[in-house]
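Following: one structure in structure tokens, then a few remarks.
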Amino acid sequence: MPPVRPPSAVLRAFGVNGEALPLTGGQGTSWIAGDLVLKPDAGPLQEWLARALADVTGDGFRLASPVPALDGAWIVHGWSATRWVQGAEPDYSTVSTWQQILAAGRAFHRALAQVDRPVFLDLRQDWWAQADRAAWRERTTRFLPEFAALADRLQEVLEPLGHPQIVHGDLTGNVLVAPGLPPAVIDVSPYWRPPAYAEGVVVADALCWHDAPPSLWRTLNVSPAAVARALLFRMATTNERVLSGDTGVNVRTEARQYGLAMEAIGL
């Protein structure tokens, strides 16, 4: 299905005079119009993000800041807007890239340390929310046979990771770099978890999908317990996708990648 184009009424509401063009990357549903990025399906999450991030000042990072419509509304006919930020995805083959991503995430989390927990998190029922709850033992889940033994091993090494706050749970792929500028944080996926969890997700992604060296967790000073929790989250997400009928997942391939990442952290 082609992406849904923002209606002209939405463009006018956000003060856009020119044409909206599809924006590559992400889920393929965003559009760039002038210096704005417009996203559909805006609901409680996007409205909360807009309010929570409106006054965040970047120190060590840039932020794709929410932009209100001309009348002050954050959502117009289901669309939200953020400021376009200069940058491109970094080279994931270098350790320095992962250092940049983690440094940007740590700076971002420091900036959000005092933000209160939003109520809408309790209402989320998507794959990622369900998997996150499973990873934190807030719900039970039936793991596929390919994942069951791996999940059991991960469960054995889980530890507390610190105090929860709002974190960006999907930094990998959502930190952009540009010469001479701090890294830019985009497409915030909010979770109420310790920052170490978000860092573990970065390392887990690097080990599973970007051929990072097995010692990356040591280089970045991310604990094996944080990576283990993150691997359980990613595995539970895959599990949720398959159980809900998604046929585009190669379960054996993903299980193999999770297993290799576990070996890297000594499991």
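Observations on the structure shown:
- Structure remark: mean-square fluctuation, Gaussian network model of the chain, C-alpha springs under 10 Å; the largest value among 160, 90, 224 belongs to 160.
- Carbon plus sulfur fraction of accessible area for region 124-267, probe 1.4 Å, in percent: 51 percent
- Computed from the alpha carbon positions, the gyration tensor of region 133-267 leads to an equivalent ellipsoid with semi-axes of 23, 17, 16 Å, biggest first.
- Computed with a 1.4 Å probe over protein heavy atoms only, the accessible surface of the chain comes to 49 Å² per residue.
- Amide H to amide H distances under 5 Å link residue 23 with 30, 31, 32, where only residues 5 or more positions off or on other chains count and H is placed in the peptide plane.
- Shown in residue order for region 12-23 are the 3J(HN,Hα) couplings computed by the Karplus curve 6.51 cos²θ - 1.76 cosθ + 1.60 at θ = phi - 60°: 5, 4, 8, x, 8, 9, x, 8, 8, 10, x, 10 Hz (x for Gly and Pro).
- Phi angles across region 196-203 convert, under the Karplus curve 6.51 cos²θ - 1.76 cosθ + 1.60 with θ = phi - 60°, into 3J(HN,Hα) values of 4, 4, 4, 5, x, 5, 4, 5 Hz, Gly and Pro given as x.
- Using the alpha-carbon positions of region 37-192, Rg (one decimal) and Dmax (whole number) come out as 17.4, 54 Å.
- Each residue of region 165-178 was assigned a 3J(HN,Hα) from its phi angle through the Karplus curve 6.51 cos²θ - 1.76 cosθ + 1.60 (θ = phi - 60°); the sequence is 7, 5, 10, 8, x, 8, 5, 4, x, 10, 10, 9, 10, 8 Hz, with glycine and proline shown as x.
- Fluctuation leader among 80, 30, 244 - the chain, Gaussian network, Cα springs under 10 angstrom: 244
- Farthest toward positive dipole pole in region 161-267 [+1 Lys/Arg, -1 Asp/Glu at C-beta], among 166, 239, 267: 267
- Other-chain or far-sequence residues with amide H under 5 Å of residue 60's (modelled H): none
- Counting every pair of alpha carbons in region 13-107, the share spaced more than 15 Å apart comes to 66 percent.
- Within the listed set 245, 60, 105, the Gaussian network model of the chain (springs between alpha-carbon atoms below 10 Å) gives the highest mean-square fluctuation for 245.
- For the chain, the ratio of Cα radius of gyration to the globular rule of thumb 2.2 N^0.38 Å stands at 1.02.
- Based on DSSP H segments of at least four residues, each scored -39500 (n - 2.57), the chain has a per-residue ellipticity at 222 nm of -12500 deg cm²/dmol.
- Each peptide among 167-178, 249-260 gets the average number of other Cβ atoms lying within 10 Å of its residues, and from highest to lowest they stand as 167-178, 249-260.
- For residue 165, distant residues with modelled amide H under 5 Å away: 193
The values are calculated or read from the model by the stated rules, or taken from the named source; none is laboratory data. None of the values given here were measured: they were computed from a predicted structure. Glycine gets a Cβ as well: all are built from the backbone with ideal geometry, and neighbour counts include every protein chain shown. Side chains included, ligands, DNA and RNA excluded: accessible areas come from the protein's heavy atoms. Shrake-Rupley method; radii C 1.70, N 1.55, O 1.52, S 1.80 Å.
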